[in-house]
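Report on one structure; see the data block that follows.
The values are calculated or read from the model by the stated rules, or taken from the named source; none is laboratory data. Since the model is a prediction, treat every value here as computed from it, not as a measurement. A quick note on method: Cβ atoms are made from the backbone with ideal geometry, for glycine too, and the neighbour counts reach across all protein chains shown. Just so you know, the surface numbers come from the protein's heavy atoms only, side chains and all, with ligands and any DNA or RNA stripped out. Shrake-Rupley method; radii C 1.70, N 1.55, O 1.52, S 1.80 Å.
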Amino acid sequence: MATSEGRLPEQRALAQRFPAAVAPGLPPTLAAMSKPPSSPQRVPIALDERSYDILIGQNLLSDEASWSGLPASADALIVTNTTVGPLYAAQLSAMLARHHRRVLQVQLPDGEAHKDWVTLNLIFDALLGAGCDRKTVLYALGGGVVGDMAGFAAACYMRGVPFVQVPTTLLAQVDSSVGGKTAINHPLGKNMIGAFYQPARVICDLSLLRTLPARELSAGLAEVIKYGPIADAAFLDWIEAHVDELLAQEGDALAHAVRRSCEIKAWVVGQDERESGLRAILNFGHTFGHAIESGLGYGQWLHGEAVGCGMVLAAALSQRCGLVEDAFVRRLTRLIERAGLPVRAPAMPEARWLELMRVDKKAEAGEIRFVLIDGMGRAVMRGAPDEWVLEVIAAHTARA
């Protein structure tokens, strides 16, 4: 971490102009939550009456214990997409048939471009068309898009029905399925229409990742990597030492990465369920990343690809603000590149970058706020002068 004495006068002035909302580091005892591999591993999210478990292990889809103790209902609706459904929906349906009298299914079109009102209504059409009541349980079988939309539908249908997350991508297992954020996109901003609505359980079956394309696996690693700089320096060291094993889907390495990521997110969500402060640190790289996704058109870059590049930009802005040394920026950039992710931003007009980031959910009164790194394992949220932001973008934009 750069000390206040080592900062330039303009950087000291910045700290006064844009005071930081500091995210406290994780308690030292959290490391003890990591246990030797067993199946399934259980990570609790403590939210009083909304508490639930994240189950992590191999072949959980076919394990009867995965489905016991969930809300009882006559009907269940599997929400999946046209890619995942043909692979796993029949297996899930067979397991759920032991617990529900009727198991229905709706397959959504695949991809971020379809995370909208039109596709969301397909879920409501299936529920209403089948006469589903308010005890119906939704099962989200898919990646982040499916999970976000199934969760939002569950929050809205008859003012709230239970749902269960069954994430099938690495990104969804370590991030989007955990914590109750549900949403759809709007042409003017990503995830701008949604609700906080917690699932009854998250079932992370690592065996489902075997059919994941390499590009999707890399995208998931972006969300794994982010937990190091914001909360756990030792975890970042571990990722650097094991990134090749993660890319090869080595079982023990993958289980540890998913478990540790979920432990960190569970602790953060338990402190700040509705992102009034601390939870914002989970958006490291997302202000830049969401601008990339919106600016290029949803689906052109995967969410994890945009976040990976966004973390490079956020690290560089942290350095420009005098919070970290350039060595940290180079280190993080190398790791993100090793994970198979882009580290150069796409070319967009300067005004477009700023326009998109000003509608980010962390913005306040039109001021863009970023999650920055203030020393390894410690994140802050603060603003920065537009000229510094644009300077960083220009320095890290891909040349035509």
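In table form, for the structure just shown:
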{"read-out": "Residue count for region 199-244, restricted to those that are assigned to a helix (DSSP H, G or I), under 19 Å from Ile56 (Cβ atoms) and of a type in the set (Lys, Arg)", "value": "2"}
{"read-out": "Of all residues making up region 286-325, the number that are farther than 20 Å from Met381 by Cβ and among the aromatic types (Phe, Trp, Tyr)", "value": "2"}
{"read-out": "Among the residues listed as Val178, Val164, Val224, the single one being open to solvent by less than 10 Å² (accessible area, probe 1.4 Å) and touching a Pro at 6+ places or on another chain (Cβ under 8 Å)", "value": "Val164"}
{"read-out": "Conditions (1) within 27 Å of Glu364 (Cα to Cα); (2) modelled with pLDDT of 95 or more; (3) of a type outside the set (A, V, I, L, M, F, W, C); (4) open to solvent by less than 10 Å² (accessible area, probe 1.4 Å); number of the one not met by Ser261", "value": "(1)"}
{"read-out": "Hits in region 176-217 (condition: of a type in the set (S, T, N, Q) and farther than 27 Å from Trp67 by Cα)", "value": "Asn185, Asn191"}
{"read-out": "Any hit, region 179-189, residues being in a helix (DSSP H, G or I) and in contact with a Phe, Trp or Tyr (Cβ under 9 Å, 6 or more places away or on another chain)", "value": "no"}
{"read-out": "Selection within region 315-354 - in contact with a Pro (Cβ under 9 Å, 6 or more places away or on another chain) and closer than 17 Å to Thr397 by Cβ", "value": "Ala315, Ile336"}
{"read-out": "Test: residue in region 85-94 that is touching a residue at least 24 places away in the same chain (Cβ under 8 Å) and more than 29 Å from Leu302 (Cα to Cα)", "value": "no"}
{"read-out": "Enumeration of residues in region 245-268 that are assigned to a helix (DSSP H, G or I), free of Cβ contacts under 8 Å to residues at least 12 places away in the same chain and either charged (D, E, K, R) or under 15 Å from Gly228 (Cα atoms) (or both)", "value": "Glu245"}
{"read-out": "Scope region 269-279; condition assigned to a helix (DSSP H, G or I) and surrounded by fewer than 23 Cβ atoms within 10 Å (Cβ to Cβ); matching residues", "value": "Gly270, Gln271, Leu278, Arg279"}
